[in-house]
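**Q** Below is a structure I'd like to ask you about.
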Amino acid sequence: MSDSEIKLQPYFCNCQLLVKVARRNLTNLGLGDTGTIVEVVNHELTPRLIEMGFFPGKQVRTLFKAPFGGPVAFDLLGSIVSLRIDEAKLIIIEK
């Protein structure tokens, strides 16, 4: 194995790590930030979240975060929707 191959392996691993970090959930959005939903994690609440409008391709904006881990309010399709932190973690977004 040559030195150039050894040096490329850590770089390749870093790229994989960056791809994983790019996928975030709704709780990672800051106030006023907008993201696009890419996935709703399979869970017993998934059907209800989809009925509320949280499905892939929709844009979501964070409006308010309650202190001490309380609910988070989002602008979704022109409506204000509030979710618990555990529920918001089920929705994967891209910024």
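Quick note: the coordinates plus some simple rules give every number you see, no bench work behind them. Being a predicted model, the structure only gives us computed values, none of them experimental. As a convention, Cβ positions derive from the backbone with ideal geometry for all residues, glycine included, and neighbour counts pool all protein chains shown.
**Q** May I ask for the Rg/Rh ratio of segment 23-94, computed from Cα atoms with Rh as the Kirkwood radius, given to two decimals?
**A** 0.91
**Q** Report the calculated FRET efficiency for M52 and L31 (r = Cβ-Cβ distance, R0 = 25 Å), to the nearest 0.05.
**A** About 0.75, to the nearest 0.05.
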